[in-house]
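Asker: Mind having a look at this structure? Questions to follow.
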Amino acid sequence: MTSTLFPGVALVTGAASGIGRATALLFAREGCRRIVLADINTRGLQETHDMISEANANTNQKSPVSMLLTETNVTSESSVSDMVKSAVAKFKRIDYAVNAAGLMSPPGKSHETTLEEFERINSVDYKGLWLSSREQIRQMRTQDPLETHDGRPGNRGAIVNVASVLGMVARPNAAPYCGAKGAAISITQADAIDYSADNIRINCVLPGVIHTPMIDHILEYYRPEINMQALGRLGTAEEIADAILFLCSSKATFVQGAAFAVDGGYTIR
């Protein structure tokens, strides 16, 4: 048994802002001492690093958080491969992988959407997620299961993909985004079937409308969706991170292939 739910190594893509940053911060707050921060935005990565270091110092943690910052373009096979290789070179394994790198598409119907915009969204939200998950799976298959908090059998690794409720239900003017997020859910569930025999858990979270920097400039555009959330408010990145960490933890050892809606009741309206 371990004294923390997170004795292993965490890797978070999209860690420079939003849900990825909130997830990295929460891993550190909950006792994870080895964290890989990955993003194409190196300035944002450094900010996340500094926030974790400051928070750790303010809580008087006995041991510092060891971090690796890796500039990663998730649309590039070689960049994603280098990300995983760097993580393993420093920390020897990857136990919790969170694929939070993502883009939003500008509002528009399919006949108004350019091929370039369609490919931009899908290259990050679908292909980038698949490339990242594929490399993480390859590494996790080589590992021994991690020790758990209560002595139950552990897993070789846990992957959480960040999709969206718009992969489950559609909304107007967002066809490429809905399609990419639907693909993220489907590939999560297909991989969960394929790698259960390897004792690797693969799940996804489906955020509703969440207050992140990506939507600040178009917040009013999303007012109808905010009103559709039964709780009647925006969600926070920290609330999504809470769900992600549960799925990564050894309290979720029997959760496999879940599409976990964290949407304030959007999908029940």
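Asker: Which of the residues belonging to the range 222-252 are among the β-branched types (V, I, T), open to solvent by 20 Å² or more (accessible area, probe 1.4 Å) and free of Cβ contacts under 8 Å to residues at least 24 places away in the same chain?
Answerer: Within the range 222-252, the first condition is being among the β-branched types (V, I, T), and the residues that meet it are 226, 236, 240, 244.
Filter again for open to solvent by 20 Å² or more (accessible area, probe 1.4 Å), leaving 236.
If the condition is that a residue be among the β-branched types (V, I, T), open to solvent by 20 Å² or more (accessible area, probe 1.4 Å) and free of Cβ contacts under 8 Å to residues at least 24 places away in the same chain, then no residue fits.
Okay, residues lined up against (1) among the aliphatic types (A, V, I, L, M); (2) free of Cβ contacts under 8 Å to residues at least 40 places away in the same chain; (3) in contact with a helix residue (DSSP H, G or I) (Cβ under 7 Å, 6 or more places away or on another chain); (4) on the phi < 0 side of the Ramachandran plot:
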{"residue": "T13", "(1), (2), (3), (4)": "no, no, yes, yes"}
{"residue": "L25", "(1), (2), (3), (4)": "yes, no, yes, yes"}
{"residue": "I35", "(1), (2), (3), (4)": "yes, yes, yes, yes"}
{"residue": "L45", "(1), (2), (3), (4)": "yes, yes, no, yes"}
{"residue": "L68", "(1), (2), (3), (4)": "yes, yes, yes, yes"}
{"residue": "S78", "(1), (2), (3), (4)": "no, yes, no, yes"}
{"residue": "D82", "(1), (2), (3), (4)": "no, yes, no, yes"}
{"residue": "S86", "(1), (2), (3), (4)": "no, no, no, yes"}
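To keep it simple, each residue is scored yes or no on (1) of a type outside the set (A, V, I, L, M); (2) under 18 Å from F6 (Cα atoms); (3) in a helix (DSSP H, G or I); (4) in contact with a helix residue (DSSP H, G or I) (Cβ under 8 Å, 6 or more places away or on another chain).
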residue: L129; (1), (2), (3), (4): no, no, yes, yes
residue: D144; (1), (2), (3), (4): yes, yes, no, no
residue: P172; (1), (2), (3), (4): yes, no, no, no
residue: P176; (1), (2), (3), (4): yes, no, yes, yes
residue: K181; (1), (2), (3), (4): yes, no, yes, yes
residue: A184; (1), (2), (3), (4): no, no, yes, yes
residue: A190; (1), (2), (3), (4): no, no, yes, no
residue: I193; (1), (2), (3), (4): no, no, yes, no
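Asker: Quick one: would you say I193 is surrounded by fewer than 24 Cβ atoms within 10 Å (Cβ to Cβ), more than 15 Å from the chain's Cα centre (by Cα) and free of Cβ contacts under 8 Å to residues at least 60 places away in the same chain? Let's see the steps before the verdict.
Answerer: Numbers: surrounded by fewer than 24 Cβ atoms within 10 Å (Cβ to Cβ): yes; more than 15 Å from the chain's Cα centre (by Cα): yes; free of Cβ contacts under 8 Å to residues at least 60 places away in the same chain: no.
Taking the combined requirement at face value, the residue does not satisfy it.
Asker: Please determine whether any residue of the range 50-66 is buried (at least 24 other Cβ atoms within 10 Å of the Cβ), within 25 Å of E135 (Cα to Cα), of a type in the set (V, I, T) and modelled with pLDDT of 95 or more.
Answerer: The answer is no; no qualifying residue exists.
Asker: Now for a different question. Of all the residues that make up the range 211-220, how many are exposed (fewer than 15 other Cβ atoms within 10 Å of the Cβ) and either at pLDDT 75 or above or out of contact with any helix residue (DSSP H, G or I) (no Cβ under 8 Å at 6 or more places or on another chain) (or both)? Spell out the reasoning first.
Answerer: Of the residues in the range 211-220, the ones exposed (fewer than 15 other Cβ atoms within 10 Å of the Cβ) are 213-214, 216-220.
Pick out the ones that are also either at pLDDT 75 or above or out of contact with any helix residue (DSSP H, G or I) (no Cβ under 8 Å at 6 or more places or on another chain) (or both) and you get 213, 216-220.
Count: 6.
Asker: Continuing with this model, one more query. How many residues are within 19 Å of E54 (Cα to Cα), open to solvent by less than 10 Å² (accessible area, probe 1.4 Å) and not in a helix (DSSP H, G or I) when one looks only at the range 13-37?
Answerer: The number of residues fulfilling the criteria is 6.
Asker: Could you tell me which of the residues G182, G208, G154, G167 is open to solvent by less than 30 Å² (accessible area, probe 1.4 Å), over 24 Å from K109 (Cβ atoms) and not β-branched (V, I, T)?
Answerer: G154
Asker: Exactly one of these conditions fails for K90: (1) at pLDDT 95 or above; (2) open to solvent by 30 Å² or more (accessible area, probe 1.4 Å); (3) under 25 Å from G182 (Cβ atoms). Give me its number.
Answerer: Every listed condition holds for K90 apart from (3).
The values are calculated or read from the model by the stated rules, or taken from the named source; none is laboratory data. As the structure is a computational prediction, the values presented were derived from the model and not from experiment. Here the Cβ is made from the backbone with ideal geometry for all residues, glycine too, and neighbour counts use every protein chain on show. Heads up: the accessible areas ignore ligands, DNA and RNA and are worked out on the full protein's heavy atoms, side chains in. Shrake-Rupley method; radii C 1.70, N 1.55, O 1.52, S 1.80 Å.
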